[in-house]
Amino acid sequence: WGSMRGMTAEQKERVAVFLDRAADFLRHGYKTPRGQYDFKDREDVSAPGAEAGDCLEKVAEAIAACAGCGLAGTRTKTVPGEGVRRPLVVVVGEGPGAEEDAWGKPFVGNAGQLLTKMLGAIRLSRERNCFILNVVKCRPPRNREPAPEEIAACGPFLSRQIALLEPRAILCVGRTPARTLLKSAEPIGSLRGRFFEYAGIPLIATYHPSALLRDQSLKRPTWEDLKKLRDRLAALDEGYAREARESDAP
Ligand code: URA
């Protein structure tokens, strides 16, 4: 393991992918919930932003070195995102809060705990089948909404990450990710609960867990949105459908 220190970003990425696959193998046998992995090089990326030879480690390194907007001057840690490679779902939030800024990990505060429960209700988790990231990778001071120029500066990171992750679906939590990925100015109330496409990937938006913590009445519509995502994933992925059926069995 000491020799990992001298590895290139691509080599580290390969080790990380191998460990993900090994963990999946131990849990699920040869067939992972996403189907069988292939080791081909990424020359076929379909979403905008990533090129052959790119990898998540390189994106995280570029994020850590980024001074592309004013948020670089006030952040503690960058928050590139975390989860499994080749996830079923990429969950996109707005931007890090205080706890995320301190830890360098997405959704680890109160909203994060609720997000974990929301995902768990439809058999999703960052440990097994999701990757969680944000539109902006540095904390906006006092948790304000990121400014358009901050969102624009982080845009290439987001599109590269989604292209590399190749999720089966994208879940946007809150209006900032929904508006950003859909290039829309509509309110979240009209964007949520409907399927769109981002670079050919089905995308659905729902309310942000922070909004649910403030307003209990948003829980029911959020649950309706999550069920739509669950049904779409079950139609797209046999492994997920089987798991969801088995865990729903009495
Ligand atoms: N809210 C977000 O949108 N993202 C986080 O990572 C934490 C809170």
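The values are calculated or read from the model by the stated rules, or taken from the named source; none is laboratory data. Keep in mind that what you see is a predicted model, and the values were worked out from it rather than measured. FYI the Cβ positions are ideal-geometry reconstructions off the backbone, even for glycines, and counts take in every protein chain you see. Ligands, DNA and RNA are excluded from the accessible area calculation, which covers all protein heavy atoms including side chains. Shrake-Rupley method; radii C 1.70, N 1.55, O 1.52, S 1.80 Å.
Quick notes
- Pick from the stretch 113-139, criterion within 10 Å of the ligand (Cβ to nearest atom) and part of a loop (DSSP other than H, G, I, E, B), ranking: surrounded by the most Cβ atoms within 10 Å (Cβ to Cβ): K137
- When the stretch 91-112 is limited to residues that are more than 6 Å from the ligand (Cβ to nearest atom) and out of contact with any helix residue (DSSP H, G or I) (no Cβ under 8 Å at 6 or more places or on another chain), the one that is nearest to N134 (Cα to Cα) turns out to be K105.
- Scanning the stretch 116-135 for residues that are among the aliphatic types (A, V, I, L, M) and touching a Gly at 6+ places or on another chain (Cβ under 8 Å) returns I132, L133, V135.
- Annotation for the stretch 158-178: no member residue is surrounded by fewer than 20 Cβ atoms within 10 Å (Cβ to Cβ), among the hydrophobic types (A, V, I, L, M, F, W, C), touching a Ser or Thr at 6+ places or on another chain (Cβ under 7 Å) and in contact (Cβ under 8 Å) with a residue 12 or more places away in the chain.
- In summary, E246 fulfils each of the numbered conditions (1) touching a helix residue (DSSP H, G or I) at 6+ places or on another chain (Cβ under 9 Å); (2) farther than 19 Å from C130 by Cα; (3) charged (D, E, K, R) with the single exception of condition (1).
- Residue in the stretch 61-90 that is farthest from A16 (Cα to Cα), counting only those that are part of a helix (DSSP H, G or I) and within 14 Å of the ligand (Cβ to nearest atom): L71
- Residues of the stretch 187-225 satisfying the condition of being among the hydrophobic types (A, V, I, L, M, F, W, C), surrounded by 15 or more Cβ atoms within 10 Å (Cβ to Cβ) and touching a strand residue (DSSP E or B) at 6+ places or on another chain (Cβ under 7 Å): I188, L191, F196, I201, L203, I204, A205
- Close pairs (9 angstrom Cβ cut-off, 6 or more residues apart or separate chains): over 12 Å from G93 (Cβ atoms) in the stretch 201-222, open to solvent by 30 Å² or more (accessible area, probe 1.4 Å) and in a strand (DSSP E or B) anywhere: P202/F195; P202/F196; L203/F195; L203/F196; L203/E197; I204/F195; I204/F196
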